[in-house]
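A.B. asks: Pasting a structure below so you can have a look.
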C-alpha cells in the first residue's frame, strides 16, 4: 500500500513512523541559511565584515599614524588628507580607521564582559531560585533604577577615565540587562525534565549551566549580544563626546565628533568642511544599522516564525 | 443563518470528502500528509478516526472544516459540506461556517480559552456574532447546555474565568461552546486525552448525550480505542495518511480485517504473569512530604521487592509523582525514611553518594522534555557512561552502540538530535540513558501515557525484557489500568496523598474493592461499545435508592 515505508504489517522500533528527516551537517545548515538570507542581512554582514577588516588591518590601511600631527590644523579635503585634518592637524581619515579599532575593540570587550557577569549570575540565579536569586535580582533592580548614563558619568569622574575603568563601569551597568534576560529565559529551561535528570545524575552546577541550559538559551542571548554591542558602542561614543570616555590621543569616533563639531557651522562656505564632523557620526550610525539588520534576521530565523508558503 | 427551517432527516449525507490530498512543508520541501482519503459522514453520525501519531488524523479532521494549519495545503480532491465546496470556498465563506455550522473541540481546552474573558461570554461568542440567537437567549441556552453537561452550579459557572475551573470542567465548557450555535458537525480532536480516567468518563458521557440529543454529526479523533468504541458509530483507521479500513464500530472491534488494525487491538491483551518477591529492594516507611505548607503525602508506606514491578496507580494529585520525588531526593521528606538495599537513603539529593545516585534511575513521561534538544543521542546516552563508569572515547562509543542495540535501535541513531526521532524512539533513548548507568532500580513515571498504543506495546515489551535480562526493579507510575495489567506484579493504589491499598495484582484487581479502587477501575474504558452505557446505568442505579 505504500512504497516509502517498511512493510506496514510488522512493527519495528527503528522504522517507526515520524523520523525520516535527513541529517545535515552544521556546514550545510549554515550554507543553506546564508543562501536564504534576505538582502538586508547580507548588507549588514558585508558592512560588519568591512568594519572588522578595517579594525584589524588599521596600521596598514591608514595613510598616516594615529596621533601624527601635521602643520595645518583644519586643513580642507585634499589629495594629501582625504578628509582634511582636525583641530591640531591630525589626518582625519587615519584617525577614523584607527577609531574603528579602538571604539569597536573596547565595545566588544565591554559587551563580552557584560555577558560574562550578567549571563553567569543570571544562570546561577535561575538555577538557584533561593535567597541568592532574590538578592541578585533586587540588586539589579537598584542598579537599573539609576539612569545609566548619569551613573556612568559619576563613576567615571570618581575612578578616572582610563580605558580599564571605562570598560568595567559600562560592563557592570550593562550586565544588569543581560542578567534580566538570561534569568528570564533560563528559568523556562531550568524546569525541564532533562535538567532534573542531570541533577539526579549528580552533575555539578557548572556542567548544568554550560551543557544543559546555555545551548538552549543561545538564540535570544546572541540576538541580545548584537543589540547590547550597539548600545555599548553608543554609550562609549556618547561618553567620549562628553569628554569622559576614551581620552586623546587615542582616536575614537565619539570624541572626533566633538572635536570637529565646530566645523559644521562652516558648511555654508565649504560643504565638505561641514561634512567632516558628520563622518564619524555616520560611521557609528552605519555600524548600528548593520548590526541591527543581522540581529533582526537572526531573531526571525530562530523565533520559529515561518513565512506562509 | 436559518437555512434549516425543517429538521433534516438523520441519514442525509452531510460531509463528503473524495480523494483528499494534503501536503505539509518542512525541511525545505513538501511532504505528503494525506494521500487520497475518502470520507462520508451522515447527519447525526459519529465517526471515530484512529491511528498512531503522524497518521494524519488531525490534519484530516481540520480539512473536514476546510481548514489547514500554516505550512499545510490541500493539493487535491474535493471536500463538500452540505453542498458547499470547502476547497473552493473563500476565506470569508468558510469563516461564516466555522464556529456556527462546524465547530471544533481541541485537545487542550486550557490553551484554547482566552484567559481574559469569562466562560459564558466565550461560550456564546460565535452564536451572538452570527446573530443566531439574541444575546439574552443565547445566555439562557448556554446555561442549559452547562446543565446538560453536568457542570456544577450551571447558573454561575459561566461567570468564572478559565483558570478558575478544573481541566475536565473546561473541556465540558468547550463542548458547550461548540454546541451553542447548534452546529451540524463537531470535530473533537483528542478531547479527553489530557484528562484523568475518572474525569474522562464524565466528559465522555456528557459529550455523547449532547451529540445524540441534538443529532449532531461528529468526527472523533483519538488514539484510544476504548474511548472511540464508546463514542463512534463508524470507525476509520488511518496510517501514513491512507485509510487502512472503515467499518461499523461493533464489526470493527470484533472482526478487524487488516493485520494492522488487529495489531492495534492486540495491545490491550498484553499481560504479565505476576510473581511474588520476598526480598525487599526499596521501602518507604511512614513518609510525609510537603510543598511549602501544603502537605501532599500522608504516612505513605510502600515496599518494593527486588526484580519485580510495582505499579503505583491513582489520578493526578494523588501523590504518585511526589512519592517518586521523595525517593530520588528531589523533595526531602518531612517524616519517615526511605530504605534502599536495607540502608537508609539520605533525604536530600546533595547528601547522596554518586553510587546511590547511580543505582536509582528515572524515566520520564514526556521524552521530549527529558532530553536536551541540543545534544545528540550519542551525547545523551554517553554522559552517564562517562560520569558513572568513566568510559571515554572509543570505549564509550562502543557501549553506546551496544545500548542502542539493546533498545532495538541501531548505530545510525548515534548522531541524531531528539527532534529527529519519533515519540517511541525518544522514549527508547530515555530508557537507554537510564540503562547506561547500570541501575538496580528504575522509576518509570507514566512512561507510556504520551505514546500511541502500538508504540506503548513496544516500550512495555522492551521494559519487560530488560527486567528479565538484568533483574531490574521497576516502580511504575501510571493511571492506565491496561498498562498496569501488562507490566506489574504488585499494585499500590494512591488517593489524595495516601496509600489506599497495596497488594498483588490479582488481589487488587479483583473484588472486594475499597471504595476508591472500585471507582478508579470502573472508570477505565473497555473495548466494549456498551461499556459506557452500562457503567452509567450501574452508577445511576446505585444512587437512586440512596
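Every number in this text was worked out from the coordinates using simple rules, so none of it is lab data. Predicted, not measured: the structure shown is a model, and the values here were computed from it. Neighbour counts are summed over all protein chains in view; Cβ atoms, including those assigned to glycine, are modelled from backbone coordinates with ideal geometry.
A.B. asks: Report the FRET efficiency, 1/(1 + (r/R0)^6), for residue B:182 and residue B:543, where r is their Cβ-Cβ distance and R0 is 41 Å, rounded to 0.05.
C.D. replies: With a Förster radius of 41 Å, E is 0.85.
A.B. asks: May I pose another question? Please list, in order, the residues from the range A:257-277 whose amide nitrogen is less than 18 Å from a point placed 7 Å along the Cα→Cβ vector of residue A:285.
C.D. replies: Hits in the range A:257-277 for residue A:285 at 18 Å: A:257-268, A:271-277.
A.B. asks: Determine the principal axes of the Cα atoms in the range A:49-106, then give the extent along each, sorted from largest to smallest and rounded to whole angstroms.
C.D. replies: Each principal axis gives a Cα extent; for the range A:49-106 these are 32, 21, 14 Å.
A.B. asks: Among A:141, B:445, A:252, rank each residue by its count of other Cβ atoms within 10 Å, from fewest to most, as a rough exposure measure.
C.D. replies: So the ranking, lowest neighbour count to highest, is A:141, B:445, A:252.
A.B. asks: Label-point separation (nm) for residue B:13 and residue A:46, each offset 7 Å from Cα along Cα-to-Cβ?
C.D. replies: Roughly 6.0 nm, to one decimal.
A.B. asks: What average count of beta carbons from other chains do you get within 10 Å of the Cβ of residues in B:370-380?
C.D. replies: 4
A.B. asks: I need the shape label for the range B:280-510. Rule: rounded when a/c is under 1.5, else prolate if a/b > b/c, else oblate, with a, b, c from the alpha carbon gyration tensor.
C.D. replies: prolate
A.B. asks: From other protein chains only, count the Cβ atoms within 10 Å of every residue's Cβ in A:196-206, then give the mean.
C.D. replies: Per residue, the average neighbour count from other chains is 6.
A.B. asks: Quick one: grab the alpha carbon gyration tensor of the range B:82-137, order the square roots of its eigenvalues as a ≥ b ≥ c, and give me rounded if a/c is under 1.5, else prolate or oblate depending on whether a/b is larger than b/c. Don't jump to the answer; show the numbers that get you there.
C.D. replies: Details: a/c = 2.66, a/b = 1.43, b/c = 1.86.
Oblate, since a/c reaches 1.5 and b/c is not below a/b.
A.B. asks: Follow-up. If we sort B:399-410, B:365-376 on the protection proxy, mean other Cβ atoms within 10 Å, highest first, what's the order?
C.D. replies: Descending mean neighbour count gives B:365-376, B:399-410.
A.B. asks: While we're looking at this one, here's another question. Between residue A:275 and residue A:135, what is 0.36 nm times their sequence separation minus the Cα-Cα distance? Round to one decimal in nm.
C.D. replies: On the way: separation 140, 0.36 × 140 = 50.40 nm, distance 5.00 nm.
Computed gain between residue A:275 and residue A:135 is 45.4 nm.
A.B. asks: Here is a further query. Within the range A:77-98, which residues have the backbone N less than 16 Å from the label spot 7 Å out from residue A:262 along Cα→beta-carbon, could you tell me?
C.D. replies: A:85-90
A.B. asks: Using a Förster radius of 35 Å, what is the FRET efficiency between residue B:402 and residue B:298 based on their Cβ-Cβ separation? Nearest 0.05, please.
C.D. replies: With a Förster radius of 35 Å, E is 0.20.
A.B. asks: On average, how many beta carbons from a partner chain sit within 10 Å of the beta carbon of a residue in B:429-439?
C.D. replies: 1
A.B. asks: Could you give the angle, 0 to 90 degrees to the nearest 10, between helix A:131-145's Cα long axis and the longest principal axis of the Cα atoms of chain A?
C.D. replies: The helix A:131-145 is inclined about 30 degrees to chain A.
A.B. asks: Further, regarding this structure: Please compute the contact order of chain A in relative form: average sequence separation of alpha-carbon pairs under 8 Å and at least six residues apart, divided by the residue count, as a percent. Numbers along the way, then the final one.
C.D. replies: Details: 368 pairs, mean separation 66.7, N = 309.
For chain A, the relative contact order is 22 percent.
A.B. asks: Could you state the angle between the C-alpha long axis of helix B:453-470 and the longest principal axis of the C-alpha atoms of chain B, as a value from 0 to 90 degrees rounded to the nearest 10?
C.D. replies: Relative to chain B, helix B:453-470 is tipped by roughly 10 degrees.
A.B. asks: Remind me, relative contact order of chain B in percent, using alpha carbon pairs under 8 angstrom and six or more residues apart? Don't jump to the answer; show the numbers that get you there.
C.D. replies: On the way: 1037 pairs, mean separation 82.2, N = 546.
Normalised by residue count, the contact order of chain B is 15 percent.
A.B. asks: Same structure again: What nm value, rounded to one decimal, do you get for the distance between residue B:85 and residue A:292 when each label is placed 7 Å out toward the C-beta?
C.D. replies: Label at residue B:85, label at residue A:292, 4.9 nm between them.
A.B. asks: How much length would be gained if the chain were fully extended between residue A:30 and residue A:188, taking 0.36 nm per residue of separation minus their Cα-Cα distance, in nm to one decimal?
C.D. replies: Here the segment from residue A:30 to residue A:188 would lengthen by 54.2 nm.
A.B. asks: What ranking, highest mean first, results for peptides A:68-77, B:163-172 when packing means the other Cβ atoms within 10 Å averaged over each residue?
C.D. replies: B:163-172, A:68-77
A.B. asks: For the pair residue B:419/residue B:510, report the inter-label distance in nm, with labels modelled 7 Å from Cα in the Cβ direction.
C.D. replies: For residue B:419 paired with residue B:510, the spin-label model returns 5.3 nm.
A.B. asks: Something else about it: How many angstrom separate the Cα center of the range B:287-354 from the Cα center of the range B:446-499?
C.D. replies: A separation of 18 Å, based on Cα centres.
A.B. asks: Can you tell me the order of A:242-251, A:124-133, B:422-431, B:179-188 when each peptide is scored by its average per-residue count of other Cβ atoms within 10 angstrom, highest first?
C.D. replies: The most tightly packed comes first, giving B:422-431, B:179-188, A:242-251, A:124-133.
A.B. asks: If a/c stays under 1.5 just call it rounded; otherwise compare a/b with b/c (prolate if a/b is bigger, oblate if not). Do that for the range B:205-259, with a ≥ b ≥ c from the square roots of the Cα gyration tensor eigenvalues. Kindly include the intermediate steps, with their values, before the conclusion.
C.D. replies: Working: a/c = 2.25, a/b = 1.83, b/c = 1.23.
Prolate.
A.B. asks: Run the numbers on the range B:280-510 and let me know its relative contact order in percent, using alpha-carbon pairs under 8 Å that are six or more apart.
C.D. replies: Answer for the range B:280-510 is 29 percent.
A.B. asks: Relative to the longest principal axis of the C-alpha atoms of chain A, give the angle of the C-alpha long axis of helix A:214-242, reported between 0 and 90° and rounded to the nearest 10°.
C.D. replies: Helix A:214-242 sits at roughly 10 degrees to that axis.
A.B. asks: Could you calculate, for chain B, the ratio of the Cα radius of gyration to the Kirkwood radius, expressed as Rg to Rh?
C.D. replies: 0.99
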